[in-house]
Amino acid sequence: MFLETQRLILRKPEVTDVDDYLSFVNSDFVQQFNAMTPVTREKAEFQFSNAQDDCSVIAIELKQTGRLIGMIYTQEDSLRYGVASKELSYFLREEESRKGYMKEALIHHLFKTENLTCIAARSFVPNIASQRLLESLGFSKNGVIPQCVKGYQDIVFDDCLYSLMKEDCSF
C-alpha cells in the first residue's frame, strides 16, 4: 500500500524507520494522549518487520525530507458489530504537529483502502487538537465515556467518541 499526497507519502513502515520512530513515539507529546506503553527498539523492529503484510499500520513520511513523522493505525471498531467499520488512531512527532499533515494524511487514507461504511475514532477529553482535527474532517461527536482509559502516568481519562459515516463524507 502506497498513497501519495501533496506533501506526504503514506506507506508501510520499514525496519529502517525504527530510529525515526523511536525519536518521537516515546516522547511526552505522543505518550500523553495515547493509551500505550513506551516502545523498545526490539518491539519497534518486530512490529515494523511484521507490518509488511498488515494494512492496519501506515507510516507517514514527509516527502521533502524522507523522514518518518507519524503513524496511522486502524483496528476493528470495538463498539460496532457486524458493520464495515474500523477504529482509527494516529500521532505525529511534536515539531510536525499543527501543520495540517494529519488532516492531509487521513483525508487520503480514509475510505480509500478498505470498503468501510463507518470510521470511528476516540480522543481523550483534554486532547483538543485531536478533537478539532476529527471535527474538521466531518466526524460527529457521539458522546463521552467518563473514566474510560488509564493512560500516560496512570492518569484516567474521559474519552470522546467520534464517527464518520461514508455517506456523510465529502472526499
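For the condition closer than 24 Å to ILE58 by Cβ and in a helix (DSSP H, G or I), what is the one hit in LYS103, LYS99?
The unique qualifying residue is LYS103.
Condition first: among the β-branched types (Val, Ile, Thr) and closer than 24 Å to ASP17 by Cα. Now tell me which residues in segment 66-98 satisfy that.
Across segment 66-98, the qualifying residues are ILE69, ILE72, THR74.
Which residue is least open to solvent (accessible area, probe 1.4 Å), if the candidates are limited to segment 145-166 and must be touching a residue at least 12 places away in the same chain (Cβ under 8 Å), among the charged types (D, E, K, R) and farther than 22 Å from LEU3 by Cβ?
ASP159
Go through ASN142, ASN115 for me and flag whichever is surrounded by fewer than 18 Cβ atoms within 10 Å (Cβ to Cβ) and at pLDDT 90 or above.
Of ASN142, ASN115, the one residue that is surrounded by fewer than 18 Cβ atoms within 10 Å (Cβ to Cβ) and at pLDDT 90 or above is ASN142.
Going through segment 1-56 one residue at a time, which ones are exposed (fewer than 15 other Cβ atoms within 10 Å of the Cβ), assigned to a helix (DSSP H, G or I) and polar (S, T, N, Q)?
Matches in segment 1-56: THR16, SER23, SER49, ASN50, GLN52.
Kindly check whether there is at least one residue in segment 21-32 that is at pLDDT below 90 and out of contact with any Ser or Thr (no Cβ under 6 Å at 6 or more places or on another chain).
Yes - at least one qualifying residue is present in segment 21-32.
The values are calculated or read from the model by the stated rules, or taken from the named source; none is laboratory data. Treat the numbers as computed from the prediction; the structure is a model and nothing was measured. All Cβ positions, even for glycine, are placed from backbone atoms using ideal geometry, and neighbour counts span all protein chains on display. Remember, those area values only see protein heavy atoms, side chains included, never the ligands or the DNA or RNA. Shrake-Rupley method; radii C 1.70, N 1.55, O 1.52, S 1.80 Å.
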